[in-house]
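Undergrad: Mind having a look at this structure? Questions to follow.
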Amino acid sequence: MSPRLISLLAVALASACADGSGLDDPSGGAGGGDGGSTGPGPSVTGAGGHGCFDTETLCAGACVDVSSHPDHCGQCDNPCAGDGTSLGECVEGACINGCAAGFVDDNGTCKNFLGAYEAWPAECAGCANANPYSSACGCPASTSPLPLHVQSDCPGVPMRFKTTLDLCVTSGVAESSDFGGAYEVDDFDGWCGATAQCRVGNPMAGNTCACPAGFDDVIALRSIIRLPCDNAEAGNTIFLCGNMDAPFTSFAGAYQFDDFAPNCRVANPWTGDCSCPAGSTDRVYRVMVDGGAGLYGSTIHLCTP
């Protein structure tokens, strides 16, 4: 065979390799036959020059499955935003924002605080203030009562008796949450039933008398309690932990309003006075306090949905 013929044959073979014609199918079938490939073929080119499969979409230079990708859910650049309270999962191309561990779903909002309630003291039994979420003196499912010791007076009866203000909480803590729990501290160390001055610990801070990190909007509310060992009256303070930087979902602060002037004992940091912010509801709970007029009645106001 002449050198010129050999050269022409080499060019023809190179051309055939370039377009795939005239060669055996790599899957084993003849070129142009029915053998085909065994899986989906590349449709578009991703990073590194690799082809995306038919089940994938090219997003930001990468081949992704938009049916399950949390940053490209259903289409490119459509993230499922988890914020610490929610998961932000992508399921079949749709964002499913289920609640993270320690939070409960309330009509699509993940919360760690679902209202409060206060029963009348045993001497005048009954439900003084029902929880709006349960319509009873009890917590809704998936929350637990955080009982804060207080005293209250029966309607129209000039007496004071021990009871509890029960907050309905979960264990969840996240920077995006507006509520960080509560705790209760006695005036003095070593009173019966307390650890040092810590009478009721915060379940969102390891059951210590503290707020979780980031919940620096602390509201201190006064209370007079009866000690469990001898029923003596003693003073203490209820601390509520909040985060004004987070969107309002379950807690918009609190304030305390006394029966006697100057009345506004503790202003709400969310408003700067004894009021609840717009969009929240003022929930009122009866307690006893001390002051220039001796021991007398007061009300704790929780601002919630």
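The values are calculated or read from the model by the stated rules, or taken from the named source; none is laboratory data. The model shown is predicted, which means the values in this text are computed figures rather than measured ones. Note that we place each Cβ from the backbone using ideal geometry, even for glycine, and neighbour counts take in every protein chain shown.
Undergrad: Looking only at segment 56-66, decide whether some residue is under 30 Å from S144 (Cα atoms) and either within 12 Å of the chain's Cα centre (by Cα) or outside the structural domain of C139 (by TED's automatic domain parsing) (or both).
TA: Looking through segment 56-66, none of the residues is under 30 Å from S144 (Cα atoms) and either within 12 Å of the chain's Cα centre (by Cα) or outside the structural domain of C139 (by TED's automatic domain parsing) (or both).
Undergrad: Which number in (1) surrounded by 14 or more Cβ atoms within 10 Å (Cβ to Cβ); (2) closer than 26 Å to L302 by Cβ marks the one condition that L87 misses?
TA: (2)
Undergrad: (1) closer than 30 Å to D106 by Cβ; (2) assigned to a strand (DSSP E or B): which one isn't true of P247, the others all being true?
TA: Only one criterion in (1) closer than 30 Å to D106 by Cβ; (2) assigned to a strand (DSSP E or B) is unmet by P247, namely (2).
Undergrad: Test D166 against the criterion of being among the acidic types (D, E), outside the structural domain of V284 (by TED's automatic domain parsing) and either surrounded by 16 or more Cβ atoms within 10 Å (Cβ to Cβ) or not in a loop (DSSP other than H, G, I, E, B) (or both), and give yes or no.
TA: Spelling it out, it is not the case that D166 is among the acidic types (D, E), outside the structural domain of V284 (by TED's automatic domain parsing) and either surrounded by 16 or more Cβ atoms within 10 Å (Cβ to Cβ) or not in a loop (DSSP other than H, G, I, E, B) (or both).
Undergrad: For segment 144-166, give me each residue that is touching a Cys at 6+ places or on another chain (Cβ under 6 Å) and at pLDDT below 95.
TA: Once the filter is applied, which keeps residues that are touching a Cys at 6+ places or on another chain (Cβ under 6 Å) and at pLDDT below 95, segment 144-166 yields only C154.
Undergrad: Still on this structure, I have one more. Exactly one condition in (1) without any contact (Cβ under 8 Å) to a residue 12 or more places away in the chain; (2) over 29 Å from the mean Cα position of the chain (by Cα) is false for G272; which is it?
TA: For G272, the exception is condition (2).
Undergrad: Follow-up. Kindly provide the set of residues from segment 183-221 that are touching a Ser or Thr at 6+ places or on another chain (Cβ under 6 Å), assigned to a strand (DSSP E or B) and either at positive phi or not β-branched (V, I, T) (or both), ordered by number.
TA: Residue satisfying the conditions is A220 alone.
Undergrad: With the requirement that a residue be surrounded by 16 or more Cβ atoms within 10 Å (Cβ to Cβ) and at pLDDT below 95, what does segment 118-128 give you?
TA: Residues satisfying the conditions are A119, W120, P121, C124, A128.
Undergrad: Taking strands (runs of 3 or more DSSP E) that do not extend beyond segment 34-112, which have at least 3 residues that are under 30 Å from S171 (Cα atoms), at pLDDT 85 or above and not aliphatic (A, V, I, L, M)?
TA: The qualifying strands (runs of 3 or more DSSP E) are 109-111.
Undergrad: Residue by residue through segment 275-304, note down the ones that are farther than 21 Å from G126 by Cα, crowded, with 20+ Cβ neighbours inside 10 Å and not small (G, A, S).
TA: Across segment 275-304, the qualifying residues are C276, V289, C303, T304.
Undergrad: Continuing with this model, one more query. For a quick check of your reading of the model, give me the residue pairs whose first member lies in segment 183-210 and is more than 16 Å from T170 (Cβ to Cβ), whose second is of a type in the set (S, T, Y), with beta-carbon atoms closer than 6 Å and at least 6 apart or on different chains.
TA: Once the first residue is more than 16 Å from T170 (Cβ to Cβ) and sits in segment 183-210, its partners that are of a type in the set (S, T, Y) give V185/T237; V200/Y183; C209/Y183.
Undergrad: Next up: Looking at T195, T170, which one is over 28 Å from G126 (Cα atoms) and out of contact with any Asp or Glu (no Cβ under 8 Å at 6 or more places or on another chain)?
TA: Just one listed residue meets the conditions, T195.
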